[in-house]
Amino acid sequence: MRLIRGCVLMLSIVFLVFSEEFQFNIDLKDTSALPAALFKAVNDAYDANVKGLGQLDKGDLDGAMRSFNEAISFYSDYDDAINNRGVVYYRKGLISDAKKVWEELASRKPEYAIASYNIALIYIAERNSTMAERLFERAIKFNKNFVEAYVRHGALLLQTGKKEAGLEQLRKAYKISPDYQDAWNFYAHGLIVTGDTAAAIAVLKKKEDNPESLKMRGLIEVTRKNYAAATALLTHAVSLGASPSMLVELATIHTENGKCKEALETFSKYFSLNVAHDADAWLMAGIAAKECNDLSLAESYFEQGLQQYPKDGILRYNLGQVYFHNQKGDKAETVWSQLTDTLNDPSLFYMRAINARQKGKLDQAETYIKKAIELDDRAEYDDFLGVVYHKKGDDKAAAECFKKALKKNPELRSAQLNLALISGKGENLNAVIAELEQQMKTCTPDTCEDMALQLSIMYYHSKNTKKAIDVLLKIKEGDRGESVCRHLAIYYKEINEWNNAIEILENGSKRLVYDVQTEYELADAYLLAGKFQKAVEKLSALIPKWTSNPWRLYYQTGYAYLEQNDLTKAKEFFEKSMKSKSDNVAARGLLAFVLNKMGNAADARVLWEKNLKDDPNNPALWINMGLSFEKEGKYLDALEYYKKASTLKNDKELQINVGNAYMGLERYTDALEAYNQALSTSKRDLAAYNIFLVARKKKDKDRASKMISVLQSEFQSSSLTKRAQSEYALWNNDTTKAIAILESIHDKDGGDFISLALLAAMKGQKNKALEYLNKVTPDEQNRKQIENVRAQIAFSDGNYEQALTIMKSAGDTSFVTKYNTALTAYNAKRYGDALAIAQSIAGGASGADKADVCRIAGNAAFALKQWKVAKQWYLQLSSIEPRNPVVLFNIAVAAYNLNDIDESWKYYQKAKEQNSSLYNKDIEARYASTQVKAEASAVHYDSADIWYNKAVDLQTAGDDSSAELMYKKVVEKDPLYSLAWNNLGAIYGKKGDIDNAEKAYFKAVEKKHDIPETYANLVNLYIELEEFSKAKQWIIKGIGHNPDSPLLVDMRERVSAAEKKAANKK
């Protein structure tokens, strides 16, 4: 047998391709038993298939396909060659063709397990874990030693949360082939996932000299924070051929956990290896050295890294920064000067400006600090620019900078001192003002305008902007020159009167021919005032006249179009801006935003990735990348980018994004933790709403109510509050109220229209549902919800097959969708599918949801005539709905078909007590035939049953004391009445009477073993007592008697989780 496999990864997709001898009914070793022609055909087919495998290895897909076709031409039923044709299709990206080949092969020859295995891998890629599981099971059914199938099946079960079942499959794979790397590797991984690291290490130690084994052991030690052992193991793994990069990863973990010394020791080992060291290694080593305050070592690492990777901008930036802090200004500037302008980090330009000022290069210092201000409008940067202007002798410009800095930060002492220094004492400024005021009284028409302008500037510098405006307004409009108009605009903008600033400039433009700078200031005023169309017009007129930096005008024009949501025009002008200035980070960032918004996320990410390389410390870029992945439903990728952004920017508002990614991954507990962190931010309303949604998912009505209260009391008019209120009304089955609240939202978004469409579909209002759907953007984020609505429409129309197809293709794994899929499958008479789905979701359901799942499972099993399975599900349902006559009647029918006439009669009589119209001739006749006397037909429904039903009523009503007395009467009359003992145990447990609860449960299963609920109750009891070994023993006993009980199978995971939680407490 020949096997071609990819690398061993948890989510890798490995398609099996085979070449083996044909299995005829005659002995192939006896070649004389085959006719010569057939023997030659077999050998020719085999040789052609082997040739194709070699071509497949080399990537010659067309040649491989020709060889496999040739093999089939020699022998038409050559299954291996047919299978391998599917592999070629898959590697060409023709997934549907590959699937078709394998499905036809599996249908024609189901015992050919490889076909089922390969189809399962496709379903994994399509996120259809249910179908993948079934196919793996089928593959294993026909090949009990199919190690790869056990491995992938186990990995899938682990991935979907079925840890114990997954571990069992991996254990089987390991038992079959303990030396097969996938088998022991995945088995060890499964043990780690289920919390048994000791067992995992025992498995891995058997492979002492395997680098993968050493790596896994090293990572286990990392989680234990045993870094010395981890370093030793990973170093050994590298020496045996594992990737040296794992040492870099370990060192990075050290650094992130504040262990810079350990990080440096690990890096020392890494750099001692005779391997090529990548740029990230040098970078992280230098950062670790900086964390340890060893700037000399950091300098050495960065220098060596840059020597090997001279084009790496991040290394260059960091080396210059270390030179700067090490008082090596000339070296810093030399390194930085070779950076591309795309690395527009404001702190970089600030440091370069300081360097230039220290060297007396004031023009260069001015250039750098202005670049910093463009990217980060900080008060400190304005203050520094003022110092540069002062040194250049331009105190007027300096004063404007210092005032600007103080306006941003009035407490910035350096700006206060710098301003006092250049203006002298305050009284001197006042004296100048007083003198100008006197001169104004006697000015001539030729001198008044200039004098008024000087006086206005003095007023402005003395923080009396109103007077500055008033003195210029006294000049007749027809006499105001361009300079007066510009200063008036500046003063108005200073007091945020943008419309007045615009009016002054517009009126002046009617009689004056402005220079280009004044026209630009008017365009800028339009932008800042939100008059985007006027800004576009003015900027478009300016572009032909503008020569110094046309990229900025293109950029601002694109921005104006963007604010008007004209994405096509915005894209055009951002592209022009980038063409005019290729290293234009601002234009590149917004162009990426526009592309992403237009649905072209791939090109957007290319631009953002360029910006990330140039500006790795910009959290906004990481957030944008995350948003683009989230929009495509790639939540794990989004999460990585959001987490990176949160490390760069300590802003708890970012936890909203983190929580959203967790929600997409259905990791609701993690999402809740993230949203809770955001409750203390300015996005409290959004955090509260999202927590409400998580509570809704988890059916936590108490938490949901608290968040509703927060929203109603603090954000009464918010759309988020209305959405939560609508969802809450729907939760309480008030559909009319839910719709009314949603309809009252003025600024409805896509989610609102989806909700309205779904509600309309549920009410059978197809046209209205479609009308709402037409208002939703059909992007990846909305795809699942849109498909759910379409499925509901099809369901309401009775098109169950169509509804089922839609639901399965949507890939939504939520409980609600899975339940709806099961219901649809049942209505489509796909009872096997319905039962399988119901069984898969029963463990996570409770209350009314659990009842609905049990009902579907029972009904589906009933339709399949799987009477034992049906009875178990109906019994579970009867514990939730003990007086439901239909449920009792169905138990009676199931028992009848299992030939348990006494139990059938018992439940039949109970059903008739609730609904006397129920009748089954077969049960009546069969029971009567078993009785010696005709009147014996009522014997089995005696006083014990009457008392039991009464006790159930009392318990349901909350009267546990009376119910307890009644149950005791029942067991006194009939000591083997298991259901009464079970319910007594529940009452004792509720009271905290553990000993009697335990005894009651023991009595319940003493003689009658087909009550899974009792075993589950015992397991829950021992979980509460943290006696996990006993809990596990009772699961084993319960499953032994009830092997098909999903309730008991799911209890394994519950015990494992509780055991892990208890261990963490210690």
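The values are calculated or read from the model by the stated rules, or taken from the named source; none is laboratory data. What you are looking at is a predicted structure, and each value in this text was computed from that prediction instead of being measured. Methodologically, a virtual Cβ is constructed for each residue, glycine included, from the backbone with ideal geometry; neighbour enumeration extends over all protein chains shown.
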Practice problem: Sort out which residues of region 249-291 are over 17 Å from VAL322 (Cβ atoms), among the β-branched types (Val, Ile, Thr) and surrounded by 22 or more Cβ atoms within 10 Å (Cβ to Cβ), and write them in order of number. | Solution: THR266
Exercise. Quick one: which residue in GLU1013, GLU1059 is touching a residue at least 60 places away in the same chain (Cβ under 8 Å), part of a helix (DSSP H, G or I) and touching a Phe, Trp or Tyr at 6+ places or on another chain (Cβ under 8 Å)?
Key: GLU1059
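Here are LYS683, LYS701: which of them is crowded, with 17+ Cβ neighbours inside 10 Å, under 25 Å from the mean Cα position of the chain (by Cα) and of a type in the set (D, E, K, R)? Reasoning before the result, please.
Details: LYS701 fails: crowded, with 17+ Cβ neighbours inside 10 Å.
The conditions single out LYS683.
Residue under question is ALA501, and the condition is that it be crowded, with 22+ Cβ neighbours inside 10 Å, at pLDDT below 80 and either in contact with a helix residue (DSSP H, G or I) (Cβ under 6 Å, 6 or more places away or on another chain) or assigned to a helix (DSSP H, G or I) (or both); does it hold?
So ALA501 fails the test.
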Practice problem: For SER96, state whether it is over 27 Å from LEU158 (Cβ atoms) and out of contact with any helix residue (DSSP H, G or I) (no Cβ under 8 Å at 6 or more places or on another chain). | Solution: yes
Quiz item: Taking THR223 and the conditions (1) among the β-branched types (Val, Ile, Thr); (2) more than 27 Å from the chain's Cα centre (by Cα); (3) exposed (fewer than 15 other Cβ atoms within 10 Å of the Cβ), which numbered condition does it fall short on, given that it satisfies the others?
Solution: (2)
Quiz prompt | Where GLY478 falls short, out of the listed (1) at positive phi; (2) modelled with pLDDT of 80 or more | solution = (1)
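Among the residues of region 632-675, write down those that are in a helix (DSSP H, G or I) and more than 17 Å from the chain's Cα centre (by Cα). Walk me through it before giving the result.
Here is the first cut: in region 632-675, the ones in a helix (DSSP H, G or I) are 635-648, 654-664, 668-675.
Within region 632-675, THR647, LEU648 qualify.
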Quiz item: In region 148-163, what residues are surrounded by fewer than 19 Cβ atoms within 10 Å (Cβ to Cβ) and not polar (S, T, N, Q)?
Solution: GLY161
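Which residues, taken from region 198-209, are surrounded by 19 or more Cβ atoms within 10 Å (Cβ to Cβ) and over 16 Å from TYR150 (Cβ atoms)? Talk me through it step by step, then tell me what you get.
Of region 198-209, the ones surrounded by 19 or more Cβ atoms within 10 Å (Cβ to Cβ) are 200, 203-204, 207.
Hits for region 198-209 are ALA200, LEU204, LYS207.
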Practice problem: Mind listing whichever residues of region 658-680 are more than 20 Å from TYR635 (Cα to Cα) and either free of Cβ contacts under 8 Å to residues at least 12 places away in the same chain or surrounded by fewer than 17 Cβ atoms within 10 Å (Cβ to Cβ) (or both)? | Solution: SER680
Quiz item: Is at least one residue of region 201-222 within 20 Å of ARG171 (Cα to Cα) and of a type in the set (S, T, N, Q)?
Solution: yes
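Tell me yes or no: at least one residue of region 371-379 is at pLDDT 80 or above and under 29 Å from ARG552 (Cα atoms). Talk me through it step by step, then tell me what you get.
Within region 371-379, the first condition is being at pLDDT 80 or above, and the residues that meet it are 371, 373.
Narrowing further to those that are under 29 Å from ARG552 (Cα atoms): 371, 373.
The answer is yes, given that some residue of region 371-379 is at pLDDT 80 or above and under 29 Å from ARG552 (Cα atoms).
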Quiz item: Which condition number in (1) in a helix (DSSP H, G or I); (2) at pLDDT below 85; (3) more than 26 Å from HIS1041 (Cβ to Cβ); (4) not small (Gly, Ala, Ser) is the one that GLU913 fails?
Solution: (2)
Quiz item: Wholly within region 222-295, which helices (runs of 4 or more DSSP H) include no fewer than the required count, namely at least 1 residues that are of a type in the set (Asp, Glu) and either modelled with pLDDT under 80 or touching a strand residue (DSSP E or B) at 6+ places or on another chain (Cβ under 6 Å) (or both)?
Solution: 245-256, 279-291
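Counting only residues that are among the charged types (D, E, K, R) and out of contact with any Phe, Trp or Tyr (no Cβ under 9 Å at 6 or more places or on another chain), which one in region 836-870 is surrounded by the fewest Cβ atoms within 10 Å (Cβ to Cβ)?
At the first step, the residues of region 836-870 found to be among the charged types (D, E, K, R) are 849-850, 852, 855, 865, 868.
Going one step further and asking which of them are out of contact with any Phe, Trp or Tyr (no Cβ under 9 Å at 6 or more places or on another chain), we end up with 850, 865, 868.
Numbers: LYS850: 19, LYS865: 11, LYS868: 15.
So the residue we want is LYS865.
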Quiz item: Could you list, in sequence order, the residues of region 973-1000 that are more than 45 Å from the chain's Cα centre (by Cα) and in a loop (DSSP other than H, G, I, E, B)?
Solution: ASP974, PRO975, LEU976, TYR977
Quiz item: How do the helices (runs of 4 or more DSSP H) wholly within region 677-744 filter down when requiring 3 or more residues that are closer than 21 Å to ASN657 by Cβ and at pLDDT 90 or above: which remain?
Solution: 684-698, 701-714
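Every residue, every condition in (1) surrounded by 15 or more Cβ atoms within 10 Å (Cβ to Cβ); (2) under 16 Å from LEU121 (Cβ atoms), yes or no:
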{"position": "ASP62", "(1), (2)": "no, no"}
{"position": "MET65", "(1), (2)": "yes, no"}
{"position": "ASP79", "(1), (2)": "yes, no"}
{"position": "TYR90", "(1), (2)": "yes, yes"}
{"position": "LEU94", "(1), (2)": "no, yes"}
Exercise. For residues that are farther than 21 Å from TRP947 by Cβ and either in contact (Cβ under 8 Å) with a residue 24 or more places away in the chain or in contact with a His (Cβ under 9 Å, 6 or more places away or on another chain) (or both), tally how many sit in region 881-919.
Key: 11
Exercise. Among the numbered conditions (1) in a helix (DSSP H, G or I); (2) of a type outside the set (D, E, K, R); (3) buried (at least 17 other Cβ atoms within 10 Å of the Cβ), tell me where ALA928 comes up short.
Key: (3)
Exercise. Please tell me if ILE656 is at pLDDT 80 or above and over 17 Å from ASP670 (Cβ atoms).
Key: no
